[in-house]
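S.K.: For reference, the structure I am asking about is given below.
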């Protein structure tokens, strides 16, 4: 089966200016902020080193110019006290930073834990991005795990892009070109993908609840165990698509082309297959009986679940 043999796409982002560079800068924004914080730490450290050198030089000069042993002993005592104080401050400061880092790690872990209820809604708890990237060219870009909630990628060139585990909740991807894209386990809840091109795309385990895929091209796409509950797939091209184990409850597949598609073990309760073309498709008759069909739904001879019953 295609879902078991399809390999991940290794891609390289082209080095150029314009929309490509802008898109990559959005993806690398957290890295840049981290770099700025490190630069600040380096400046503070350099200032401390400079102050320490000046203090040490002053102490040495005063120490050697003082002939009285008692004065020298007092200077050494002051230096020792300052050194002990600085050491204690470093210990306390390091301890507090370690506690803060531990709290941040625990908070991040709690944020990543599944919430109660439908696991499809987990990705909806993240922060919005609202990036304007319409018609951007990101072909072959490696953007696994990128945060692009509500991003405008209308008409974008995204062939062979790696969006695995990316958060594209409510993103605008109408007419986007995602042929051969890697979207494994990506979150596309309520995304707008109408008229998008997703031929041969890898959408295994992707979350597409309530996504709009009206007229989208998904021929030969891998949608194994994809979550498509209440998704809109009217007039979508799903020829030879692998929908093994997919969740299609209450999905709208009116007039969709499913010729040769594999719907084995798919959940179809309440799905709308009116006027859909299922000739050559593989499906469970019992599951198909839980879906809506009409006289315009096309089956192979003898494959109509109503007549088979």
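Each reported figure results from applying straightforward, stated rules to the coordinates on display, with no laboratory input. The shown structure was predicted, so the numbers you read here are calculated from the model rather than taken from an experiment. Here Cβ is always computed from backbone atoms with ideal geometry, including for glycine, and neighbour counts include all displayed protein chains.
S.K.: Provide the gained length on full extension for the span residue 301 to residue 84, in nm with one decimal, where the gain is 0.36 nm per separating residue minus the Cα-Cα distance.
M.R.: Answer, rounded to one decimal: 69.1 nm.
S.K.: Sort 272-278, 297-303 for me by packing, meaning the mean count of neighbouring Cβ atoms within 10 Å per residue, highest on top.
M.R.: 272-278, 297-303
S.K.: For residue 57 and residue 265, compute 0.36 nm times the residue count separating them, minus their Cα-Cα distance, and round to one decimal in nm.
M.R.: 67.0 nm
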